[in-house]
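The values are calculated or read from the model by the stated rules, or taken from the named source; none is laboratory data. Just so it is clear, the model here is predicted, and its values are computed rather than measured. Here Cβ is always computed from backbone atoms with ideal geometry, including for glycine, and neighbour counts include all displayed protein chains. With ligands, DNA and RNA removed, areas are computed over all heavy atoms of the protein, side chains included. Shrake-Rupley method; radii C 1.70, N 1.55, O 1.52, S 1.80 Å.
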Amino acid sequence: MKTKNTLHFTQEQVTKILSDVAEEKDGFNKVLKLSLEALMRAERKIFNETNNDVGNGYRFRKTFGMNKQLKLQVPRSRYHHFYPVLLAVLKDQEQEAREIAFKLYGSGLTTEQVGEIFDEIYGKKYSTSQVSRLFEYARNDVKEWLERPLESYYPIIYIDATYISTRRGNSVSKEAYFTILGILPDRTREVLSIVNFPTESATAWQEILKGLKERGVEKIDLVVSDALTGIEESMASAFSGVSHQFCVFHLKKNVLSHIKPKDKPAIIEELKEVIKVDDPTDTIEKAWSRWINFIDKHSVKYPLLKKMKSERYRHYFTYVKYDYRIRSMIYTTNWIERLNRDYKRTTRMRGALPNPDATILLLGYVAMNKKAYKRKIPKLNYDKSFQWEE
């Protein structure tokens, strides 16, 4: 009968051997591989003794080392499906790697750049398609977030678009991506939805608003948006009693687009007197009268301004009926404009995004991680037209 010889080393000898190995080329990873495999073999030995089981060879599992991918021998048992505790730790490491990859992508890097960084950190070159597959967990997270149940009441919502080059089939064009931002009764903010319209229409808005209602929204007091096609009718149909404020910034921009450069400085100064936010004695009728006088005065020279006397333009002055101390917060869509700038920073380096779903994935990631929205806006409490929480 053959006797099995076992070598016995002192602690000092083991330390010396490991130090010598670690100093070799790629030595740290060799020591790491030896250590992880030894831990799993020791765990299997205890498992087999406890469960009256026997070893049954090995299977291979890849993980990350120091600037290199490691291929570990994972011990198996014959009967009881031994699963090393260490594998759960390695699984967490892989999940962390996927999260890091998407954080880099969501911060503005391209899939190619993310792959290059992973090559430096983990020693494995990832193709752009492999990097995209790492994002699968993020797709699920963003999708769940964009479909989550919503509050029943939003005192104010804002709607605004950003335009992003998007590939659709064999062509690329700038498409509109609309963000719907809500103010909660506790005066914090959250993005309710991000939607893409290849072409904008009242029917499309009706579908979006139907989706908000299905997710739990029952009441909205005020909507702030640009003069989007059919938006006020769609809103009034979906949420009875809602008021509408068209973005004054866009109004000023539209006026100035009809004015010759030499006249613009004077027009800008006049608009400041027509559209003002800090007069507590102002009324909608006074503001509307100032607007009509302004149009009558300048439409003589610029006839295209005449169309701006239509009743629809009254929606630009809804803000005046609210407390003068919050008017600057509700007469433009500026709060979404800031988010749009964050979107642009994330998409700027990418050229055309491959499809609308990929675009919404990125925008959703940016929106759901907007920490500033968790801060309360105390000044909103000045106006008791809204049902603010104490």
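Here are the numbers for this structure:
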quantity: Estimated distance in nm for a label pair at SER310 and ILE377, the labels positioned 7 Å out from Cα along Cα-to-Cβ; calculated: 2.9 nm
quantity: Net lengthening on full extension, ASN170/ASN56 (0.36 nm per residue, minus Cα-Cα); calculated: 35.7 nm
quantity: Which listed pairs, of LYS143/LYS213; LYS286/LYS306; LYS174/LYS376; LYS344/LYS374, have C-alpha distances above 25 Å, in listed order; calculated: LYS174/LYS376
quantity: Förster-model FRET efficiency, 41 Å R0, GLU147 and ARG76, C-beta, rounded to 0.05; calculated: 0.50
quantity: Cα-based Rg of region 160-269 normalised by 2.2 N^0.38 Å, two decimals; calculated: 1.28
quantity: Gain upon complete extension [LYS264, LYS276; 0.36 nm per residue less C-alpha separation]; calculated: 2.5 nm
quantity: Loop-located trypsin sites (Lys or Arg not before Pro) in region 344-379, at most 15 other Cβ atoms within 10 Å (DSSP); calculated: LYS370, ARG375, LYS376
quantity: Part-to-part distance (alpha-carbon centres) for region 246-291 and region 346-390, which is given in Å; calculated: 28 Å
quantity: Region 259-374, accessible surface, carbon-and-sulfur percent (1.4 angstrom probe); calculated: 55 percent
quantity: Computed E for LYS321/ARG345 - FRET, C-beta separation, R0 30 angstrom, nearest 0.05; calculated: 0.25
quantity: Full-stretch length increase - GLU49, SER240 - with 0.36 nm per residue and alpha-carbon distance subtracted; calculated: 61.7 nm
quantity: Packing-based ranking, highest mean first, of 234-241, 258-265, 215-222, 308-315 given that Cβ atoms within 10 Å are counted; calculated: 215-222, 234-241, 308-315, 258-265
quantity: Simple Cβ-charge dipole of region 332-390, Lys/Arg +1 and Asp/Glu -1, about Cα centre, in debye nearest 20; calculated: 360 debye
quantity: Accessible area, probe 1.4 Å, largest first, for residues ARG167, ARG189; calculated: ARG167, ARG189
quantity: FRET efficiency, 1/(1 + (r/R0)^6) with R0 30 Å, evaluated for GLN387 and LYS286 via beta carbons; calculated: 0.60
quantity: Accessible area per residue, Å², region 190-291 with all protein chains present, probe 1.4 Å; calculated: 47 Å²
